[in-house]
Each structure stands twice: as structure tokens, then as C-alpha cells.
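*Asks:* One structure follows; several queries about it will come next.
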Amino acid sequence: MNVRLYLAQRLTAAVMVPLVGLHLAVIVYATRHELSAADVLARTRGSIAWALFYGIFVLAAAIHAPIGIRTVLTEWSPLKRRSADGVAIGIGLLLLVLGLRAVAAVVLP
Amino acid sequence: MSNVRSQLTVSLWRGGEDGRYQSYQVPLRENQTVLDVVTWVQRNLEPSLAYRFACRVGMCGSCAMTVNGRPRWTCRTHVSRVADDGRLEIGPLENLPLIKDLAADMRPFFEKWQQAKGAFAPSKTRHDPIETIRPDSPARRAADAAIECINCGVCYAACDVVRWNEDYLGPAALNRAWTLVNDVRDTANVRRLEAVAASGGCHACHSHQPCQEHCPLSLNPTASIAGLKRRTALSFLKGEIEA
Ligand code: SF4
Ligand code: SF4
Ligand code: FES
């Protein structure tokens, strides 16, 4: 890991700490109030705030996770650094696409 | 019951990477160090045994070996403290290539010391007046806390990241870099910070501290490396170094 990756990992972690807290609070709220899927969608569809909230969350996770995975791969797998980079970038892109699709599914009107 | 025992059973690594442990009986003495045991075997049983020492008083850092599974300075390690039921297993330092028997090849260790820009780069000549350094200044205190390293390689042998990542500079070289980063007389800090901010530098450290736990001088390379992580991150954000 170099200083760029280090900063990217720490900054995305700092972004995600409050987001994770809020995300958990949302889950607790939704279960406490027994919201149905339709109730949830009624609140999220067309909402720029929810789009931003989960959009930023997905982006931060898609940067943060592959940096850690890359370290694990370089230390614990026989992969060469280049291949580890490739696998980590692939996983990052996968997280990004899956995450943004999920966000789009709940916020697009 | 070590007071009734008169012999130690000592296994020493013999040969190169494909060697094996060989067992010897060594008379037990009072105040005997692990280095005394190795020397006794070399003088009395195995004249060809290869191992390294110089000062025998914990100054030179040349006598480190793996003793019952842990890296230790052997000249200052008493047998009574480490023998397990009268048994000692002594091997070469880990994470380094092996020359023969108990002598590890220290070259990668010192090459990384160079790579981390561990050499002092003076800003003055012998004709300039001596610069006054306040011993209580924060920078000097940080340097002093890390300066007593004897290059024994114990931390390097104890570090898992060294084992897993061949590019990792390791605790001793980074600890040394941190002392120089805090030395106001040094002129090489941009290059030094760039060297330790690169891949394999301070950011590869997991801060899990076996280096500190095993350092015979109770230094804390983890803290020095944490200092480097902060300093390089700040310098990078300010545009003072390139990465
Ligand atoms: S704290 Fe860092 S230098 Fe020390 S043993 Fe762990 S990874 Fe190695
Ligand atoms: S930091 Fe401690 S263990 Fe590491 S080389 Fe220096 S003295 Fe030895
Ligand atoms: S022989 Fe010098 S430190 Fe052990």
C-alpha cells in the first residue's frame, strides 16, 4: 500500500462511519414501524436525498473494500502484485455496478 | 527442577535451507546465556558450527537467533529464562536467507535500511559551528525514543508483513527513517518521505506490534511507523512529496 491508497482507504472509512450508523438506524426504524416494501419505495422513489445517501455509500464502499482485498491478496495469495491489482479493481467495479443498480432500483421514480 | 539438572538438551540448526536440527548435550552452568551454549558446542563438539557474535554485551546486534521459536539477542538471553524443561532449540533468524547453520544473511535487512534512506544527510560541514539542538524539543524527543536501535534484526524476524510481502521495508529501517525525519540537521527528508510513502513502505504496516514486543531494547517501531504514516500523509496532501 502506498500513501495514495492509504489516504483513499482512511477517507472513505471516515465517510462511511456516519453512513453506516444512519443505515442501521433506518433498518431499525423500518422494522419497528413494520414498513412494507411499498412503504419504503414510497419514501425513496424520486428522493434526491436517499439517492445521494446511498450513492455516496456505494461509491465509498467500492473504493474502500478493494484496497483491503488487494492487501490480503498480496500478502496471503500467490498472486503477483499486478494480478492482485487486477482482481481488486474487478471487485471494486462489481461492487460499484451492483450497488448503483440497487440504488437506482429504489430511488428512480 | 533445574537445580538438580546438570545437562541441557540443545537442538541447533545445521546446514543451509535444506538442513536439519541436530541435538547436543551441553553442561548447565549458572548465569549461562544462550550464546554461551552455542559457543560451548562450537568449541567442544562442532568446530565447523557457523554463528555470529561480537560484543557479547548487547551493543553490536550481531548475535540474534531464533530461540525456542522466538527471535532473541542470544548474548543477553539467560538460559534459565528461556529453556523449556531443560531444552533449547536454536535456529537462524527467520525472514532472511540462510548462509549456514545459525548465520542468516543480513543483506536484505541492510539493503532495506538503505532503501528507506536510513543514512544521515548532513546540512553542515566540519567548518560550521556545531548546531544546538534542544533535548526537550518535540522532534528531538521523538528521535531519541527510537534512536537506540542496534540493528539486531529481531523485529524484522518477528514481523509477519516482512514474511508475507517481500517489498516491505520492515520495522527497523522505518524506525531509523523516523529518527532522521525528526533530525532537524538532516537534508534528505523529501526523498526519505517519498521512499517510505511508496509501496512496501510505512503504509504496509498492520500496527500489530510483534516488532515492539520482541525488540530487546524495548523500542517501539510501530509508534515510529505510525508517525511516518501521519507525516507522509500530511506531506502528500500539502504537495510537499510526490507519490
Ligand atoms: S507493527 Fe508493523 S512493523 Fe511491527 S510487526 Fe506489525 S507489521 Fe511489522
Ligand atoms: S528496533 Fe529493536 S529489534 Fe529492531 S533491529 Fe533495532 S534493536 Fe533490534
Ligand atoms: S554479541 Fe553483540 S549484541 Fe549480542
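*Asks:* Around B:Gly200, under 11 Å between beta carbons, what's the net of Lys plus Arg minus Asp minus Glu among the other residues?
*Replies:* Result for the neighbourhood of B:Gly200: 0.
*Asks:* Here is a follow-up. When chain A is treated as a GNM, springs tying every alpha-carbon pair under 10 Å, which of A:Val28, A:Val87, A:Val15 comes out with the largest mean-square fluctuation?
*Replies:* Most flexible of the set in this elastic network: A:Val28.
*Asks:* What list of ³J(HN,Hα) couplings, whole Hz, do you get for the range B:154-161 from phi and the Karplus terms 6.51, -1.76, 1.60, once you set θ to phi - 60° and write x for glycine and proline?
*Replies:* For the range B:154-161, the Karplus curve yields 4, 5, 4, 6, 8, 8, 5, 5 Hz.
*Asks:* Follow-up. Using the beta-carbon distance between A:Ala65 and A:Ala37 and R0 = 30 Å, what value does 1/(1 + (r/R0)^6) give for FRET efficiency, to the nearest 0.05?
*Replies:* 0.65
*Asks:* Between the range A:18-42 and the range B:198-243, how many Å separate their Cα centres?
*Replies:* Their Cα centres are 41 Å away from one another.
*Asks:* Quick check on the range B:7-104: of the DSSP beta bridges with both residues there, what percent are antiparallel, nearest 5%?
*Replies:* Details: 18 of 22 bridges.
For the range B:7-104, the DSSP antiparallel bridge percentage is about 80.
*Asks:* Per residue, how large is the accessible surface of the protein assembly as shown? Use a 1.4 angstrom probe and give square angstrom.
*Replies:* 55 Å²
*Asks:* Okay, moving on. Nearest 5 is fine: what % of DSSP beta bridges in chain B come out antiparallel, could you say?
*Replies:* Values: 19 of 23 bridges.
Around 85 percent of the beta bridges assigned by DSSP in chain B are antiparallel ones.
*Asks:* Counting only protein heavy atoms, what percent of the accessible surface of the range B:107-237 is carbon or sulfur at a 1.4 Å probe?
*Replies:* Roughly 52 percent, rounded to a whole number.
*Asks:* Also, quick follow-up: So for chain B, Kirkwood radius off the Cα pairs, Stokes-Einstein at 20 °C and 1.002 mPa s: how many µm² s⁻¹?
*Replies:* 110 µm²/s
*Asks:* Oh, and also: Long-range amide H contacts for B:Met65: which residues qualify at under 5 Å (H placed 1.01 Å from N, peptide plane, sequence gap of 5 or more or a different chain)?
*Replies:* Excluding prolines and chain starts, which carry no amide H, the hits are B:Arg72, B:Thr74.
*Asks:* In whole Hz and in residue order, list the ³J(HN,Hα) couplings for the range B:227-234 that follow from phi through the Karplus curve 6.51 cos²θ - 1.76 cosθ + 1.60, θ = phi - 60°; x for Gly and Pro.
*Replies:* Computed from phi, the couplings for the range B:227-234 are x, 5, 4, 5, 5, 5, 4, 4 Hz.
*Asks:* Sticking with this one: Please give every one of the aspartates and glutamates within straight-line cross-link reach of A:Lys80, meaning a C-alpha to C-alpha distance under 14 Å, and leave out same-chain neighbours fewer than 8 residues apart.
*Replies:* Excluding near neighbours in sequence, the set is B:Glu166, B:Asp167.
*Asks:* In debye to the nearest 20, how big a dipole does chain B give about its Cα centre with +1 on each Lys and Arg Cβ and -1 on each Asp and Glu Cβ?
*Replies:* On the way: 30 positive and 26 negative charges, 93 e Å.
For this selection, approximately 440 debye.
*Asks:* Computed on protein heavy atoms with a 1.4 Å probe, what is the summed buried accessible area for the chain pair A and B, in Å² to the nearest 100?
*Replies:* On the way: alone 7560 and 13090 Å², together 19350 Å².
Accessible area lost upon association: around 1300 Å².
*Asks:* Given springs between every Cα pair under 10 Å in a Gaussian network model of chain B, which of B:Ala116, B:Ala177, B:Ala83 has the largest fluctuation?
*Replies:* B:Ala83
*Asks:* Using a Gaussian network model of chain B with C-alpha springs under 10 Å, which one of B:Thr74, B:Thr179, B:Thr187 is most mobile by mean-square fluctuation?
*Replies:* Judging by the Gaussian network model, the answer is B:Thr187.
*Asks:* Residue by residue through the range B:218-225, what is 3J(HN,Hα) from phi via Karplus (6.51 cos²θ - 1.76 cosθ + 1.60, θ = phi - 60°)? Round to whole Hz and write x for glycine and proline.
*Replies:* 6, 6, 10, x, 4, 5, 4, 5
*Asks:* For B:Ser11, list long-range residues whose amide hydrogen, built 1.01 Å from N in the peptide plane, is under 5 Å from its own amide hydrogen.
*Replies:* B:Tyr24, B:Leu88, B:Glu89, B:Ile90
*Asks:* Here is a further query. Using only the alpha carbons of the range A:3-107, what is the convex hull's orientation-averaged projected area in square nanometres?
*Replies:* So the mean shadow area of the Cα hull is 7.6 nm².
*Asks:* Would you kindly state the longest site-free stretch of chain B, with sites defined as trypsin sites (Lys or Arg not before Pro) in a DSSP loop (not H, G, I, E, B) surrounded by at most 14 other Cβ atoms within 10 Å? Let's see the in-between values first.
*Replies:* Numbers: sites that count: B:Arg5, B:Arg29, B:Lys124, B:Arg126, B:Arg185, B:Lys238.
Of all site-free stretches, the longest is B:30-123.
*Asks:* Round to a whole number: what % of the accessible area of the range B:7-104 belongs to carbon and sulfur, probe 1.4 Å?
*Replies:* The computed percentage sits at 45.
*Asks:* Another question, if that's okay. Report D for the range B:7-104 in µm² per second (integer): Stokes-Einstein, Kirkwood Rh on Cα pairs, 37 °C, 0.692 mPa s.
*Replies:* So the translational diffusion coefficient is about 249 µm²/s.
*Asks:* Taking 1 over the mean of 1/r across every pair of different Cα atoms in the range B:150-243, what Kirkwood radius in Å do you get?
*Replies:* The answer is 13.3 Å.
*Asks:* Of A:Ala88, A:Leu41, A:Ala65, which is farthest on the positive side of the dipole of chain A, counting Cα position, with +1 on Lys and Arg Cβ, -1 on Asp and Glu Cβ, and the Cα centre as origin?
*Replies:* A:Ala88
*Asks:* Along the principal axes of its C-alpha atoms, what lengths does the protein assembly as shown span, in descending order and rounded to whole Å?
*Replies:* For the protein assembly as shown, the Cα extents along the three principal axes come out at 88, 59, 36 Å.
The values are calculated or read from the model by the stated rules, or taken from the named source; none is laboratory data. Bear in mind the structure is a predicted one, so any value in this text is a computation, not a measurement. All Cβ positions, glycine included, derive from the backbone under ideal geometry; neighbour counts span all protein chains shown. With ligands, DNA and RNA removed, areas are computed over all heavy atoms of the protein, side chains included. Shrake-Rupley method; radii C 1.70, N 1.55, O 1.52, S 1.80 Å.
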